[in-house]
Amino acid sequence: MEFFQNYKELAPDAIFGISERFRQDKSSSKHNLSMGIYYDEEGEFFSMPVVTEVAKRYVNENFSTAYQSIGGYRPFLKSLLYLLVGDESIEKSEKRVAMIQTIGGTSALRTGADFLLRGGIKQIYVSDPTWANHRAIFEEAGLEVGTYPYAEPTTMSVDYGRLKNFVVGLKEGSALLLHACCHNPTGLDLNKKEWEELLILLRKKKCICFFDMAYLGFAHGVYEDSFPLRFLTENNIDFMLAFSCSKTFTLYGERVGALMINTGSEQEKQAVESHIKQIARRTYSNPPRFGAHLVHTILSTESLRKQWEEELSTIRKRIEQTKVYLVEKLKNVGSQALINSLKESFGFFTLLGLSPSQVENLYKQGIYLTGSSRINLAALNSGNIDHFISCFCKAIQD
């Protein structure tokens, strides 16, 4: 029986496929700016010292590798919830927020998608543009995926007016995927006033806000970046959150994440949590143990949490310095939209606004970025940034 001959090879993943192409490149002057990973000034993979320190403690203590429960490590979830909502709302939130630990942010998104389908939601809207995997995750789950206007490509700024008008015209009960901070791929975020207005409008429309939060702390700081979630919690507005610890704790390969759903009552919480646990059991059974214990220890120990926030701040400031350098070097050659983007964006990414042929031109020069011309600013350093600028200028002139 030749059953498997019916399968055709699929195109490589939009991001991991580029990294594979990078690995196959034999050039001695190549740079991978496609993957969302933080590299140090020497271009080496960076693990936060506080994370490394705590990890060594667990290894030395003969850390258990036993199964976790379906919902994961509860102390990790509680410490993460406290981090996001703060003192003012923690007591209320513990009674209303359904939570499970997930395999990174991706499985939180997929589990959330399956949960929405169980509730009769058949469509979700994502920003234009958005992370390459968002549409694929939701479509694979069976949701129809639409888009809402977000970034104005000619100026590379948030087109809040169009976004607001789009929400006004939404059907009641629609679901929207929102980036809590450091929008991927543009880095362009709403300000507090815009968030407040938009979230109140979404509540009036009885829409479901599903947040993706993968870059906490990289825009303004942990407290400031959590503003949309605190606002929703304080105003008793239902929402869903897919949280990733990959970048925020440099725990990429440990796959540490969480799905949180803010409900209207303790009874609703129990019902919702039973559903997301059942979905988890049927897809990956239970999440990994090690990374969640590291995060909980850091967040629940005052000195370690302070060290973690200081290390986050150091990373954030270095990325900001990289943007300042790029603006200075590109102000006379790059488009005004790109300069605006570098000045106004937050986090790891920005879009260069290049055509597919210009992106291909950069590949030939050993500069690897996504097909949308997104680059990871956290992969630039003093040893490669001038080479990148030179290649970029050549690509836009050819």
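FYI, it's all coordinate maths here, none of it is from the lab. Remember, predicted model here, so these are calculated numbers, not experimental data. Heads up, the Cβs are rebuilt from the backbone with ideal geometry, glycines too, and the neighbour counts pull from every protein chain shown.
Diffusion coefficient (Stokes-Einstein, Kirkwood radius over C-alpha pairs, 4 °C, 1.567 mPa s) for region 74-303: 73 µm²/s, rounded to a whole number. With contacts defined as alpha carbon pairs under 8 Å and 6 or more residues apart, what's the relative contact order of the chain in percent? Across the chain, relative contact order equals 27 percent.
Calculated FRET efficiency, Thr154 and Asn62, Cβ-Cβ r, R0 51 Å, to nearest 0.05?
On the way: r = 59 Å, r/R0 = 1.15.
Here the calculated transfer efficiency is 0.30.
The GluC sites (Glu not before Pro) of region 56-122 that DSSP puts in a loop, and whose beta carbon has at most 13 other beta carbons within 10 Å, are Glu61. Coupling constants for region 180-187 follow from the phi torsions by the Karplus curve (6.51 cos²θ - 1.76 cosθ + 1.60, θ = phi - 60°), and in residue order they are 5, 6, 6, 3, 10, x, 8, x Hz; glycine and proline get x.
Of Gly105, Gly86, Gly291, the residue with the greatest mean-square motion in the GNM of the chain, using alpha carbon springs below 10 Å, is Gly86.
A simple rule links phi to the HN-Hα coupling: the Karplus curve 6.51 cos²θ - 1.76 cosθ + 1.60 with θ = phi - 60°, which for region 96-103 gives 10, 9, 6, 9, 9, 7, 10, 7 Hz, with x for Gly and Pro.
For the chain, the spherically averaged projection of the C-alpha convex hull amounts to 21.9 nm². Projecting the Cα atoms of Thr186, Leu198, Thr155 onto the dipole axis of region 149-207, where Lys and Arg carry +1 and Asp and Glu carry -1 at the beta carbon, places Leu198 farthest toward the positive end. The angle between the Cα long axis of helix 290-300 and the main principal axis of the chain comes to about 80°, on a 0 to 90 degree scale. Mind giving me the FRET efficiency for Phe45 and Gln336? R0 is 35 Å, r the Cβ-Cβ distance, nearest 0.05 is fine. With R0 = 35 Å, the Cβ-Cβ based efficiency is 0.50. Candidates Leu251, Ala136, Gln267 compared by Cα position along the dipole of region 74-303: farthest toward the positive end lies Gln267, with charges placed on Cβ. Other residues with beta-carbon under 12 Å from the beta-carbon of Asn191 carry, at +1 per Lys or Arg and -1 per Asp or Glu, a net charge of -4.
Given a cut-off of 22 Å, name the pairs among Lys92/Lys269; Lys323/Lys394; Lys364/Lys394; Lys95/Lys247 whose C-alpha atoms lie farther apart than that in the structure shown.
Lys95/Lys247
Separation of region 1-68 from region 327-354 is 27 Å, based on Cα centroids. Given Cα pairs under 8 Å that are at least 6 residues apart, what percent is the relative contact order of region 228-351? The value is 15 percent.
Report the net charge of residues surrounding Lys78, where surrounding means a beta-carbon distance below 15 angstrom and charges are Lys +1, Arg +1, Asp -1, Glu -1. All intermediate terms of the calculation are to be shown ahead of the outcome.
On the way: positive: Arg74, Lys92, Lys95, Arg96, Lys269, Arg305; negative: Asp87, Glu91, Glu94, Glu273.
For residues surrounding Lys78, the net value is +2.
For the pair Val324 and Ile237, the difference between a 0.36 nm per residue extended length and the Cα-Cα distance amounts to 27.5 nm.
Between Leu178 and Phe210, Phe211, Asp212, the built amide H atoms are under 5 Å apart, and every one of these is 5 or more places off in sequence or on another chain. A Förster distance of 22 Å, applied to the separation of the beta-carbon atoms of Lys204 and Thr147, puts the FRET efficiency at 0.50.
Scan the chain and hand back the longest stretch that contains none of the chymotrypsin sites (Phe, Trp or Tyr not before Pro) lying in DSSP loops with at most 11 other Cβ atoms within 10 Å.
The longest such stretch corresponds to 68-398.
Using the Karplus relation 6.51 cos²θ - 1.76 cosθ + 1.60 with θ = phi - 60°, the per-residue 3J(HN,Hα) values for region 195-210 come to 4, 4, 5, 5, 5, 5, 5, 5, 5, 4, 7, 6, 8, 9, 8, 10 Hz, with x marking Gly and Pro.
The trypsin sites (Lys or Arg not before Pro) of region 206-303 that DSSP puts in a loop, and whose beta carbon has at most 15 other beta carbons within 10 Å, are Lys206. Dipole of the chain computed with +1 at Lys/Arg Cβ and -1 at Asp/Glu Cβ about the Cα centre; of Ser174, Gln336, Tyr38, farthest Cα towards the positive end is Ser174.
Rounded to the nearest 20, the size of the Cβ-charge dipole of region 74-303 about its Cα centre is 660 debye, with Lys and Arg at +1 and Asp and Glu at -1. Two decimals is fine: what is log10 I(q)/I(0) at q = 0.12, 0.21, 0.23 Å⁻¹ for region 53-165, from a Debye sum with one equal scatterer on every Cα and no solvent? Summing over Cα pairs of region 53-165 leads to -0.70, -1.17, -1.20. Close amide-amide hydrogen proximity is noted between Val256 and Gly104, Cys245, Ser246, each under 5 Å apart and 5 or more residues distant or on a separate chain (H modeled in the peptide plane; Pro and chain starts excluded).
Taking Cα centre as origin and charging only the Cβ of basic (Lys, Arg, +1) and acidic (Asp, Glu, -1) residues, the dipole magnitude of the chain rounds to 500 debye. Summing charges over all other residues whose Cβ lies under 12 Å from the Cβ of Ser89, with Lys and Arg as +1 and Asp and Glu as -1, gives -1. Applying a DSSP loop filter and a limit of 15 other Cβ atoms within 10 Å to the trypsin sites (Lys or Arg not before Pro) in region 304-353 leaves Lys331.
Dipole magnitude of region 22-75 about its Cα centre, charges +1 at Lys/Arg Cβ and -1 at Asp/Glu Cβ only, in debye to the nearest 20? Provide the component values of the computation, followed by the final result.
Details: 6 positive and 7 negative charges, 59 e Å.
Approximately 280 debye in magnitude.
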